[in-house]
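So the structure is just underneath, and the comments pick up after that.
Bear in mind that the values in this text are calculations on the coordinates, not laboratory data. If you're wondering where the values come from, they're calculated on a predicted model, not measured in any experiment. All Cβ positions, glycine included, derive from the backbone under ideal geometry; neighbour counts span all protein chains shown.
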Amino acid sequence: PEENLMMIRAAFSVMGLGPMVGVSELNEKTKNFVYEYTGDSWTWLPQGQPSEHIIFDDNISEFYRTQNPNTLHIPSSHKYVISTHNLSLDELTRRTYSPLGTPAEAISYSRVAIAKN
């Protein structure tokens with residue numbers, strides 16, 4: 001797991017998310033922190049797509065999605081979850097209501113969309 005984490009950190013650093021990547025064991029307690037996935041324009045999902053409810057399923061070996069209702073089924077056999085946070089361009093976002101402040105925030109969200117794909 002340590003070597004995999006180093007590889008993930010390197011890949012996320014290339015995408016601009018930096019080395020602030022963590023991995024946690026996925027158990028009954030940490031599954032409570034998994035929330036519904038909401039799509040928007042920064043995640044390259046169609047506009048107006050409703051959020052996906054996430055279900056951990058004991059009877060499957062690979063994840064899949066269903067429509068009506070939108071549900072993401074994840075195998076319970078998955079052991080780890082990767083977490084990171086969205087790094088904004090700190091110096092530029094301090095200058096809100098300026099020509100540089102808004103694009104600085106927007107580019108940080110586009111980095112997350114790239115990392116998800």
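In table form, for the structure just shown:
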quantity: Burial ranking of peptide ranges 19-25, 62-68 (average Cβ count within 10 Å, highest at the top); calculated: 19-25, 62-68
quantity: Formal net charge of residues neighbouring residue 23 (Cβ-Cβ distance under 12 Å; K, R +1; D, E -1); calculated: -1
quantity: Length released on extending from residue 76 to residue 34, taking residue separation times 0.36 nm less the Cα-Cα span; calculated: 13.8 nm
